[in-house]
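S.K.: Structure below; questions to follow.
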Amino acid sequence: MTESENHSGETPTPRHWSQVWQLPSLLLGTGLFALAVYVMLPGEKPDDFYSVLENVNLSIQARDLEGAEESLRTWQQPIHERGSDEIKAWYDELWGDLVYFQQAAGGGEAGANYEMIITYYKDAIKRGRQMDTIHRQRLAEALIALGKEDEAIGMLGEFSDAAARHRHAVLRQVLERRLLSPEKDAASLQAALNRYLEELKSEPDDAVRREGEIWAIALKTGLLHDAGDSQAAIKVIERKLIYFLDRGGRKNTGPLYVIRGKAYQRLGDFERARESYAIAQDVLPPGDAQHADILVGSGQIELVQSDDVRQALQHFRSAEQKYRPLVGDPVHSPYFEALIGRADCEARLGKHVAAVDHLKVAVQLMVESQRPSKDKQDRLVNTTLSHHLATSDV
C-alpha cells in the first residue's frame, strides 16, 4: 500500500468544541433575523378601536362634527364586525353625542334628530354603557322635545345625588314645554312645579337656587293671574319679594315685577303697575323677552289713563317689531297684543291702511292658533268693529 493510500484511509480526527463554538450563535442569529423580517412584513394588525373612538370624541368636543361623522361612518362596519360590546356601546353613545350637537347647531329636522338621539343612547345603555349625568340629561331633553315628559321625569331617579342641578334642569324643561302645550293642564303643571321646587332645595349654588326659585314663583303667580286671581298673585309676590330683597336685593327679580305690574294693571291700579314695570325694565337683562310684556302693558295704560295715542303706538310698535316669539303659539304672547294695540292706535290716528294690515296678521295668527282663547277673539273683533273695519277684506 502506498503512503498516500495509507494516509487517506486513516480515520478523521474529531473536531474540538473550540473549533465549532460559533455554530449555535450563528444559528440563533439567523433565526432572530428571520423572525425580525417576518414581523416587518406587511400583515393584518389588531384593531385599536379605543384610539379611534377617543379621536372621534375629541372631534365632537372640538365641534368638528363633519370630521367626527366621517370617522364614525368609516369605522361602522369594522366595529360592528370585530368590536367588543363595550366598544359598540361607546360607538352608539358617540353617535348620540354627534346628533345632539348637530341638532344644537340647527342641522337636520328636529323631530328626526331627537328620535336618533334617543335610539343611539338607549342602544348604548342596552349594550352596557354606564352613562354619566350629562348624557342622561341629553337623553331626557330629547324625550321632552318629543313630548315624552313622563319618561323623562322617570329618569330622574337614575341621576346621582350630586346631580341636583341636572334633575331640576330636566323638570324646568318639562314645565316650559307644558306651558306651550295646547292641552295645558293646571294640575300637572302644579305637580311638576312642586317637584321642581323640591329638587331645587338640593342645589348647592346659592345664585342658581335663587334664580330658579324666582322663576318658579313667577310661573306660579302668572298662572294665578291668568286664571283671574290677580289679587292672590299680588299677595304671593309681595311676600316673596320681601324674602328675596333681604337676600340679594333686586337681582333676578324682574319676572316677579312683570307679573306684579300685570296684576295691578288688571285691578286698575295703574300707578303701581307703572312702578312695577319701571323696576322690571331696570332689572331685566337687555333683550329679555319679558320686555315685550312691559311695553304692551305700558301702551295699554297710556290709552286708558292718558289717551296719549302716539306714545302708546311707540310702545306697541317696539314690542311687535322686536319680540315676535320664535316658539310656541304667538296668540298667547305679548306679540299678539302688540299687533292689536298697534292697529288700534293706527286707526285712531287715521292710518287705516296700516291698521288693516296689522289686523290681517292678527287674524291669520288666530286662525292658525291651536288653542285660540275667547277673550282674545273678542278683543280682536271689538278692535276691528270699533274702527269700522269689519267691511274690509281682513
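The values are calculated or read from the model by the stated rules, or taken from the named source; none is laboratory data. Quick caveat: nothing in here was measured; it's all calculated off a predicted structure. So basically every Cβ, Gly included, is an ideal-geometry build from the backbone, and we count neighbours across all protein chains shown.
S.K.: The conditions are (1) over 23 Å from I301 (Cβ atoms); (2) in contact with a Ser or Thr (Cβ under 9 Å, 6 or more places away or on another chain); (3) not polar (S, T, N, Q), and K374 fails exactly one of them. Which is it?
M.R.: In the conditions (1) over 23 Å from I301 (Cβ atoms); (2) in contact with a Ser or Thr (Cβ under 9 Å, 6 or more places away or on another chain); (3) not polar (S, T, N, Q), K374 misses (2) alone.
S.K.: What are the residues in the range 290-324 that are under 19 Å from W215 (Cβ atoms) and touching a residue at least 40 places away in the same chain (Cβ under 8 Å), if any?
M.R.: A292, D293
S.K.: Mind checking which residues of the range 219-240 are among the aliphatic types (A, V, I, L, M) and at pLDDT 95 or above? Before the answer, list the steps.
M.R.: Step one: filter the range 219-240 for residues among the aliphatic types (A, V, I, L, M), giving 219, 223-224, 227, 232-234, 236-237.
The answer is A232, A233, I234, V236, I237.
S.K.: Test G106 against the criterion of being within 13 Å of the chain's Cα centre (by Cα) and assigned to a loop (DSSP other than H, G, I, E, B), and give yes or no. Explain how you work it out, then say what you get.
M.R.: Working: within 13 Å of the chain's Cα centre (by Cα): yes; assigned to a loop (DSSP other than H, G, I, E, B): yes.
Yes, satisfied.
S.K.: Can you say whether A292 is closer than 18 Å to A233 by Cβ, in a helix (DSSP H, G or I) and either charged (D, E, K, R) or at pLDDT 95 or above (or both), as far as the supplied structure shows?
M.R.: Details: closer than 18 Å to A233 by Cβ: no; in a helix (DSSP H, G or I): yes; either charged (D, E, K, R) or at pLDDT 95 or above (or both): yes.
No; evaluated as a whole, the condition is false for this residue.
S.K.: Would the range 298-307 turn up any residue that is modelled with pLDDT under 90 and closer than 22 Å to G222 by Cβ?
M.R.: Taking every residue of the range 298-307 in turn, none turns out to be modelled with pLDDT under 90 and closer than 22 Å to G222 by Cβ.
S.K.: Filter the range 189-237 down to the residues that are among the small types (G, A, S) and closer than 13 Å to Y264 by Cα, then identify the one that is surrounded by the fewest Cβ atoms within 10 Å (Cβ to Cβ). Step through it out loud before you land on a result.
M.R.: Quick first cut of the range 189-237, residues among the small types (G, A, S) only: 191-192, 202, 207, 212, 216, 218, 222, 227-228, 230, 232-233.
Narrowing further to those that are closer than 13 Å to Y264 by Cα: 222, 228, 230, 232-233.
Working: G222: 19, G228: 10, S230: 21, A232: 14, A233: 27.
This residue is G228.
S.K.: Does E238 meet the test of being of a type in the set (D, E) and closer than 19 Å to Q290 by Cα? Even if it seems obvious, please write down each step before you answer.
M.R.: Numbers: of a type in the set (D, E): yes; closer than 19 Å to Q290 by Cα: no.
In short, no.
S.K.: While we're on this one: Identify, from the list E109, E70, E66, E141, the residue that is out of contact with any His (no Cβ under 9 Å at 6 or more places or on another chain), surrounded by fewer than 15 Cβ atoms within 10 Å (Cβ to Cβ) and closer than 30 Å to A192 by Cα. Quick ask: steps written out before the conclusion?
M.R.: Values: E70 fails: closer than 30 Å to A192 by Cα; E66 fails: closer than 30 Å to A192 by Cα; E141 fails: surrounded by fewer than 15 Cβ atoms within 10 Å (Cβ to Cβ).
Matching residue, one of E109, E70, E66, E141: E109.
S.K.: Among the residues of the range 115-131, write down those that are assigned to a helix (DSSP H, G or I) and charged (D, E, K, R).
M.R.: Kept after step one, since they are assigned to a helix (DSSP H, G or I), are these residues of the range 115-131: 115-126.
Within the range 115-131, E115, K122, D123, K126 qualify.
S.K.: A follow-up question, please. Those residues that are in a helix (DSSP H, G or I), surrounded by 16 or more Cβ atoms within 10 Å (Cβ to Cβ) and modelled with pLDDT under 85, I need them from the range 168-188; list them, please.
M.R.: Applying the first criterion (in a helix (DSSP H, G or I)) to the range 168-188 yields 168-180, 186-188.
The next check asks that each one be surrounded by 16 or more Cβ atoms within 10 Å (Cβ to Cβ); those that pass are 168-175, 177-178, 188.
R177, R178, S188 - these are the residues of the range 168-188 that are in a helix (DSSP H, G or I), surrounded by 16 or more Cβ atoms within 10 Å (Cβ to Cβ) and modelled with pLDDT under 85.
Here's the yes/no breakdown for (1) closer than 22 Å to N113 by Cβ; (2) assigned to a helix (DSSP H, G or I); (3) of a type in the set (A, V, I, L, M); (4) modelled with pLDDT of 60 or more:
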site: T11; (1), (2), (3), (4): no, no, no, no
site: P14; (1), (2), (3), (4): no, no, no, no
site: Y50; (1), (2), (3), (4): no, yes, no, yes
site: E69; (1), (2), (3), (4): yes, yes, no, yes
site: K88; (1), (2), (3), (4): yes, yes, no, yes
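S.K.: Tell me the residue from D185, D150 that is of a type in the set (D, E), over 18 Å from the mean Cα position of the chain (by Cα) and within 30 Å of R371 (Cβ to Cβ), please. It would help to see each step written out before you state the result.
M.R.: Working: D150 fails: over 18 Å from the mean Cα position of the chain (by Cα).
Going through D185, D150 in turn, the sole match is D185.
S.K.: Which residue pairs have Cβ atoms under 8 Å apart, sit 6 or more places apart or on different chains, and have a first residue in the range 124-139 that is closer than 18 Å to L53 by Cβ and a second that is assigned to a loop (DSSP other than H, G, I, E, B) and at pLDDT below 95?
M.R.: A124/M131; I125/M131
S.K.: Sort out which residues of the range 241-265 are small (G, A, S) and farther than 22 Å from I301 by Cβ, and write them in order of number.
M.R.: Initially, the range 241-265 is screened for residues small (G, A, S), giving 248-249, 254, 261, 263.
Within the range 241-265, G248, G249 qualify.
S.K.: Answer with yes or no whether A273 is small (G, A, S), within 23 Å of V236 (Cα to Cα), buried (at least 20 other Cβ atoms within 10 Å of the Cβ) and in contact with a helix residue (DSSP H, G or I) (Cβ under 7 Å, 6 or more places away or on another chain).
M.R.: Numbers: small (G, A, S): yes; within 23 Å of V236 (Cα to Cα): yes; buried (at least 20 other Cβ atoms within 10 Å of the Cβ): yes; in contact with a helix residue (DSSP H, G or I) (Cβ under 7 Å, 6 or more places away or on another chain): yes.
When the stated conditions are applied, A273 passes them.
S.K.: May I ask you to list the residues in the range 52-67 that are in a loop (DSSP other than H, G, I, E, B) and acidic (D, E)?
M.R.: Of all residues in the range 52-67, those in a loop (DSSP other than H, G, I, E, B) come to 62-64.
Selection gives D64 alone.
S.K.: Another question, then. Would you please name the residue that is surrounded by the fewest Cβ atoms within 10 Å (Cβ to Cβ), looking only at residues in the range 144-167 that are assigned to a helix (DSSP H, G or I) and of a type in the set (A, V, I, L, M)? Before you say what the answer is, go through the steps one by one.
M.R.: Taking the range 144-167 as the starting set, the residues that turn out to be assigned to a helix (DSSP H, G or I) are 144-145, 149-158, 164-167.
Subsequent filtering for residues that are of a type in the set (A, V, I, L, M) retains 144-145, 152-153, 155-156, 164.
On the way: I144: 22, A145: 20, A152: 24, I153: 19, M155: 15, L156: 17, A164: 19.
In this case the residue turns out to be M155.
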